[in-house]
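What follows is a short report on a single structure.
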Amino acid sequence: MLTIRTGLVFALSSALFFAPIAANATAQPAGFCDSANCQSEFKKLERMAHYGSGEAATIVAVAYAKGEGVDQDIKKARRHIKKAVSWDEPMAMHQMSIWLRQGFIFEQDIAKADELLDRAARTQFGPALTDKAKLLLAQDTPQADKEAIALLEAANEQHYSPARYLLAQLLVSGVGIESDLARAGVLYKNLALKGYADSRQRLDEIINALEQVSKQPEPELVALVQPVLANLTQINDIEVIEVQGQQFDPNSELSNIVSQLSSLNLYYQGNTGSRIPGNLCGRGTAMCNVAFDRKTDADFGATTVGELMGK
């Protein structure tokens with residue numbers, strides 16, 4: 001059972017450590033957060049950080065690191081993130097591990113990055129669980145794959161969308177886990193209902209593959225596929241919440257930070273269906289061959305305050 005505080009922390013961070021960040025990042029263009037209201041709200045965040053809010057300290061650290069709404073100040077970024085880490089703030093431990101791995105803000109230190117990532121993962125922090133799973137998948141060994149799937153399943157149970165998306169990719173491709181189109185389809189359907197990434201396109205690929213399977217002269221297989229298809233195609237009759245393409249507007253959104261943290265559309269709970277092996281999509285379609293790649297699919301991440309907050 002997640003506490004309210006943990007839920008807010010989860011909502012704040014969809015940052016995955018593989019995203020490159022230039023060490024010489026420059027300040028944002030004038031106008032990013034130059035309104036009096038935005039500046040006032042940012043100062044409130046700094047006060048919250050000063051008085052013990054690890055979440056606020058992490059947001060402020062990222063703002064200073066990138067020069068968003070404030071002049072870029074590496075010293076302040078370091079101070080705020082270190083303070084939040086000293087409070088055992090999961091989001092801060094995760095963010096600092098990202099910077100240490102990249103050599104941004106801090107000198108590169110992979111060992112320390114791994115240590116902080118492990119600490120954040122032990123708190124069951126969804127983004128950290130997902131990032132650690134990505135590292136394990138990159139090792140490309142049976143044991144590492146097994147551990148990675150366990151971490152993704154834990155993050156999925158918390159309805160963390162990036163983990164759910166990656167798990168669906170693995171279920172389609174059969175990487176690290178026995179392929180299962182039915183379960184992958186349900187995961188993509190849940191994500192598509194929230195407008196997450198290209199989940200609707202991925203879902204359509206599965207639906208098309210299953211429709212081809214349903215035309216095969218194998219009654220038992222068709223009987224298995226048809227109810228799954230009926231479930232997945234129900235999305236055509238459901239209003240999808242559009243969240244893609246939204247711009248992070250600090251002039252208005254910092255003043256609503258608390259409500260944003262609880263409604264960033266990163267989570268969606270749903271049930272899975274009967275198992276259908278993913279290799280069925282090899283019948284007449286090549287989608288399985290491109291469902292997941294251990295190297296190219298590791299390039300995800302947030303580099304700005306807006307992306308850190310799920311925008």
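Tabulated data
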item	result
Prolate/oblate/rounded call for region 45-185, Cα gyration tensor, a/c under 1.5 rounded	prolate
Accessible-area value, VAL213, 1.4 Å probe, nucleic acids and ligands omitted, Å²	0 Å²
Virtual spin-label span in nm between ASN37 and GLU153, 7 Å along Cα→Cβ	4.7 nm
Set of lysines near LYS44 by C-alpha distance (under 23 Å), chain-local residues within fewer than 8 positions excluded	LYS66, LYS75, LYS76, LYS82, LYS83, LYS311
Shape category assigned to region 90-159 from the gyration tensor of Cα positions, a/c cut at 1.5	oblate
Rounded if a/c under 1.5, otherwise prolate or oblate - region 146-241, Cα gyration tensor axes	oblate
Probe 1.4 Å, all protein chains present, accessible-area order of ILE177, ILE149, largest first	ILE177, ILE149
Probe 1.4 Å, all protein chains present, accessible-area order of MET96, MET48, largest first	MET48, MET96
Filtered GluC sites (Glu not before Pro), region 53-139: DSSP coil and at most 10 other beta carbons within 10 Å	GLU107
Over region 142-187, relative contact order from alpha-carbon pairs under 8 Å, at least 6 apart, %	33 percent
Heavy-atom accessible area ranking, 1.4 Å probe, most first, across SER97, SER86, SER173	SER86, SER173, SER97
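The values are calculated or read from the model by the stated rules, or taken from the named source; none is laboratory data. Treat the numbers as computed from the prediction; the structure is a model and nothing was measured. So basically every Cβ, Gly included, is an ideal-geometry build from the backbone, and we count neighbours across all protein chains shown. Remember, those area values only see protein heavy atoms, side chains included, never the ligands or the DNA or RNA. Shrake-Rupley method; radii C 1.70, N 1.55, O 1.52, S 1.80 Å.
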